[in-house]
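Below is one structure, written out as structure tokens, with a few remarks after it.
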Amino acid sequence: MTGGIAGVERFDSPGKGRGLRVTRGFAVGELVLCSPAYSFVLSGEERGSRCEFCFTKKEKLARCGKCKKASYCNAKCQKGDWAMHKLECSAMMAFKENWCPSEISRLVARILAKKRTQKERCVSEKILLIDDIQSHVEDVDNEKRERNEAEVAGLHRFFSKHLEFPDHKDLLALISQVACNGFTIEDDELSHLGTALYPDVALINHSCLPSAIVTYDGTAAQVRAVRNMEPGDEVLISYIDLMYPTDDRNNRLRESYYFTCDCRDCKSKSGDKAKLRVRKRSDPVEPQAIGNMVRYARKTVREFRAVKHIKTPSELLEMCEQSLEEMGSIFEDANVYMVHVMYQAMGVCLYMEDPEGALRYGEKIIKHYSKFYPPFSLNVSSMYLKLGRLYMGLERRSAGVSAFKKAMAIMEVAHGKDHFYLTELRKEMAQQ
């Protein structure tokens, strides 16, 4: 094998297939590996407010002179992105408002273009080549197969002028690889910025008791230890949101990644009781009623996701309030399904520019978050950031500073003390 990364090595992980382990000790907060993206794409929603090449958020970005859509920090970023942007530039002008490829299609197009020009293994493939990433194409169900076929049609429609495509089977395999192994690049509040592929990072296996966390510096992925690791320990990250009970987590893992987790938490289901807290009543709630309410809660979560972009904000808020009332007859506020719906309601309030409403939900959520999540969780730090910014906006400075400090304690481990987000946060605190 060529290359390699100091301090880590590929190995056969019992029961998990390929994995990554450390060859020396790593302390909490230490950088285990940093990898540039093999390929990346900025989300369409962020277009115009962030640089397409480095993802920096700026007031005054320079627009592409041709399509007037893509924006850049400067000529250097524009030049750096041209090999990829040219796949979209003339097509955006030709299709105008009909230009609508999915983010996955856009990323796959860029990967195909890079593969075409690549002469040797890339810096993001020091341990694992892109072609060796697991595709799970044989595990895809009919619904996903239809979705992948739609992605193929989209690629041919929007990118055929600038790309030569592999045969149908290979294209489906690549789409499946990206769907299974693509990473969502997020900001400090966990808002979606774009999607990227990191072959070396894709080698890292999942655990609901992770030893490491992935954060982003621009478009580069950084993997940091969130537990002390000894030589020979496997590097494990979480692929999913860890707040939910064992069955929910494993349903999500099977659905998206085609495996079931057998970590200590999943085997013992030890956290489930606390996550599914039921109201204490003089007449105890029947198990059947609890089961029915769990099914109702899961249905509510699915329905909200389905109508999020269709219903008006006030309709969505009403939906949240109604389901909180319904679930509240059996569940305590500390129940994860209650917390999930409160989080959705908080998001709607933020969108509606109702800071008091958002804060009301946020203060309830944060009470339970640190119990549900492992130490140094980005879900917890992002909630403290949201609360800090709400407090500051409402001129409650001391509460704002306190929330920011709690966010920083987590971010210094997860992002590293010198990360741009922390520099900006310190400035934010100093200006208030």
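The values are calculated or read from the model by the stated rules, or taken from the named source; none is laboratory data. Only a predicted model underlies this, so the values are computations on that prediction, with no experimental measurement involved. Counting neighbours? That spans all protein chains shown, and the Cβs are built from the backbone with ideal geometry, glycine included. Note: areas computed on protein heavy atoms with side chains; ligands, DNA, RNA excluded. Shrake-Rupley method; radii C 1.70, N 1.55, O 1.52, S 1.80 Å.
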Open item on the list: For segment 93-106, give me each residue that is surrounded by 19 or more Cβ atoms within 10 Å (Cβ to Cβ), of a type outside the set (Val, Ile, Thr) and assigned to a helix (DSSP H, G or I).
Closed with: SER105, ARG106
Task: Residue check, CYS349 farther than 23 Å from ASP188 by Cβ, modelled with pLDDT of 95 or more and out of contact with any Pro (no Cβ under 7 Å at 6 or more places or on another chain) - done: no
Open item on the list: If I filter segment 264-280 for residues that are closer than 30 Å to ILE5 by Cα and open to solvent by 60 Å² or more (accessible area, probe 1.4 Å), do I get at least one hit?
Closed with: yes
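Is it true that some residue in segment 403-425 is open to solvent by less than 50 Å² (accessible area, probe 1.4 Å) and over 22 Å from the mean Cα position of the chain (by Cα)? Let's see the steps before the verdict.
Looking only at segment 403-425, we keep the residues that are open to solvent by less than 50 Å² (accessible area, probe 1.4 Å), and these are 403-404, 407-408, 410-411, 413-416, 419, 421-422, 425.
Within this subset, residues satisfying the condition of being over 22 Å from the mean Cα position of the chain (by Cα) are 403.
Among the residues of segment 403-425, at least one is open to solvent by less than 50 Å² (accessible area, probe 1.4 Å) and over 22 Å from the mean Cα position of the chain (by Cα), which makes the answer yes.
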Task: Members of segment 260-271 found to be touching a helix residue (DSSP H, G or I) at 6+ places or on another chain (Cβ under 7 Å), touching a residue at least 12 places away in the same chain (Cβ under 8 Å) and not in a helix (DSSP H, G or I), listed by number - done: CYS261, LYS269, GLY271
Task: Checking SER370 against (1) touching a helix residue (DSSP H, G or I) at 6+ places or on another chain (Cβ under 7 Å); (2) in contact (Cβ under 8 Å) with a residue 12 or more places away in the chain, the condition it does not meet - done: (2)
Task: Lone unmet requirement of (1) surrounded by 21 or more Cβ atoms within 10 Å (Cβ to Cβ); (2) over 30 Å from VAL413 (Cβ atoms) for GLU325 - done: (1)
Open item on the list: Condition first: β-branched (Val, Ile, Thr) and in contact (Cβ under 8 Å) with a residue 60 or more places away in the chain. Can you find one or more residues in segment 130-152 that meet it?
Closed with: yes
Open item on the list: Looking at segment 207-233 only, could you name the residues that are small (Gly, Ala, Ser) and either assigned to a loop (DSSP other than H, G, I, E, B) or under 23 Å from SER13 (Cβ atoms) (or both)?
Closed with: SER207, SER211, ALA212, GLY218, ALA221, ALA225, GLY232
Task: In segment 5-36, the residues that are part of a loop (DSSP other than H, G, I, E, B), in contact with a helix residue (DSSP H, G or I) (Cβ under 6 Å, 6 or more places away or on another chain), within 30 Å of GLU120 (Cα to Cα) and of a type in the set (Gly, Ala, Ser) - done: none
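Output the number of residues of segment 410-432 satisfying the condition of being of a type in the set (Gly, Ala, Ser) and in contact (Cβ under 8 Å) with a residue 40 or more places away in the chain. So that I can check it myself, show each step before the final result.
Initially, segment 410-432 is screened for residues of a type in the set (Gly, Ala, Ser), giving 414, 416, 430.
Still in the running and in contact (Cβ under 8 Å) with a residue 40 or more places away in the chain: 414, 416.
Result for segment 410-432: 2.
Name the residue that is most open to solvent (accessible area, probe 1.4 Å), counting only residues in segment 35-77 that are touching a Cys at 6+ places or on another chain (Cβ under 7 Å) and farther than 21 Å from GLU424 by Cβ.
LYS66
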Open item on the list: Checking MET346 against (1) open to solvent by 70 Å² or more (accessible area, probe 1.4 Å); (2) within 30 Å of VAL28 (Cβ to Cβ): exactly one of these is not met. Which one?
Closed with: (1)
- [ ] Write out, first by first residue and then by second, each pair whose Cβ atoms fall under 7 Å of each other, whose residues are 6+ apart or on separate chains, and whose first residue, in segment 212-238, is over 18 Å from LEU422 (Cβ atoms) and at pLDDT 95 or above while the second is open to solvent by 40 Å² or more (accessible area, probe 1.4 Å) and small (Gly, Ala, Ser).
- [x] ASN228/ALA27
Open item on the list: Take the conditions among the charged types (D, E, K, R), within 24 Å of the chain's Cα centre (by Cα) and closer than 26 Å to PHE372 by Cβ and apply them to ASP200. Does it pass?
Closed with: no
TODO: Could you list, in sequence order, all residues of segment 164-189 that are of a type in the set (A, V, I, L, M), open to solvent by 20 Å² or more (accessible area, probe 1.4 Å) and either at pLDDT 95 or above or over 14 Å from the mean Cα position of the chain (by Cα) (or both)?
DONE: LEU172, ALA173
TODO: Please enumerate the residues belonging to segment 235-255 that are open to solvent by 30 Å² or more (accessible area, probe 1.4 Å) and in contact with a strand residue (DSSP E or B) (Cβ under 7 Å, 6 or more places away or on another chain).
DONE: SER238, TYR239
